[in-house]
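Visitor: Would you mind keeping the following structure in view while I ask a few things?
The values are calculated or read from the model by the stated rules, or taken from the named source; none is laboratory data. Treat the numbers as computed from the prediction; the structure is a model and nothing was measured. Please note: Cβ atoms are built from the backbone with ideal geometry, for glycine as well, and neighbour counts cover all protein chains shown. Heavy atoms of the whole protein, side chains included, go into the accessibility calculation; ligands, DNA and RNA do not. Shrake-Rupley method; radii C 1.70, N 1.55, O 1.52, S 1.80 Å.
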Amino acid sequence: QKEVEQDPGPLSVPEGAIVSLNCTYSNSAFQYFMWYRQYSRKGPELLMYTYSSGNKEDGRFTAQVDKSSKYISLFIRDSQPSDSATYLCAMGPGANSKLTFGKGITLSVRP
Amino acid sequence: SAVISQKPSRDICQRGTSLTIQCQVDSQVTMMFWYRQQPGQSLTLIATANQGSEATYESGFVIDKFPISRPNLTFSTLTVSNMSPEDSSIYLCSVEGGDMNTEAFFGQGTRLTVV
């Protein structure tokens, strides 16, 4: 089993849809969970950051962590064409530690 | 968050040659990281570069193939040596930051094609 598994995609949704992106992991030591957005020909950009279990909301984005199930999610409400990008989950055990990334899922939001 | 400048942004190279990628950060950082991103694959850590010491390489990556320099706290280079088409990939420089030093920030990447 890989340390981090991410739904493979690609995913195509109409504008205004609610999008749910998910990752599972196997390493119980992971404490920090991140979602990155990567536009074509750009580096990954940190989108959401969560420590331990719980929810975090930022505008149209909500990050959710369930450590008991080893499952994290990113929800995008009222999706926009500008949300079209590749989304990568990442997680790590602590400060100055190596991050482990999911493969990424490509999202396309159709106008 | 740190601002990371990476160059070149892209290059097409002949097999057997070497390419050096530069990474400049706008603030002093202890650790810098080099990743490879192959199509359809997750980001793979190549090595961690600390100023004043040898880089630490991950399993599957060796110094002869990917020599790294870290001359000061704001700059690092990664060289891809004796390139083959299998080295075609995106190479990314990263630093850690945030309140707990657990968030990774990336440069825009170097898209390398080896022909």
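Visitor: Where in region B:51-115 are there strands (runs of 3 or more DSSP E), lying fully within it, with 2 or more residues that are more than 11 Å from the chain's Cα centre (by Cα)?
Guide: B:68-72, B:89-97, B:103-106, B:110-114
Visitor: Moving on. Being among the polar types (S, T, N, Q) and not in a strand (DSSP E or B) is the filter; apply it to region B:1-31 and report the residue that is surrounded by the most Cβ atoms within 10 Å (Cβ to Cβ).
Guide: My answer is B:SER9.
Visitor: Exactly one condition in (1) of a type outside the set (Ser, Thr, Tyr); (2) surrounded by fewer than 17 Cβ atoms within 10 Å (Cβ to Cβ); (3) within 9 Å of chain B (Cβ to nearest Cβ); (4) not in a loop (DSSP other than H, G, I, E, B) is not met by A:ASN55; state its number.
Guide: (3)
Visitor: Looking at (1) hydroxyl-bearing (Ser, Thr, Tyr); (2) modelled with pLDDT under 95; (3) open to solvent by 10 Å² or more (accessible area, probe 1.4 Å), find the lone condition where B:THR102 falls short.
Guide: The single condition B:THR102 does not satisfy is (3).
Visitor: Residues of region B:32-45 being open to solvent by less than 40 Å² (accessible area, probe 1.4 Å) and either basic (Lys, Arg) or within 11 Å of chain A (Cβ to nearest Cβ) (or both), which ones?
Guide: B:PHE33, B:TYR35, B:GLN37, B:SER42, B:LEU43, B:LEU45
Visitor: Go through region A:77-103 and give me each residue that's part of a loop (DSSP other than H, G, I, E, B) and at the interface with another protein chain (Cβ under 7 Å from one of its Cβ atoms).
Guide: Listed by number, the residues that qualify are A:GLY94, A:ALA95, A:ASN96, A:LYS98, A:LEU99, A:GLY102, A:LYS103.
Visitor: Given the criteria away from chain B (no Cβ under 14 Å) and either assigned to a strand (DSSP E or B) or surrounded by 14 or more Cβ atoms within 10 Å (Cβ to Cβ) (or both), does A:LEU74 qualify?
Guide: Yes.
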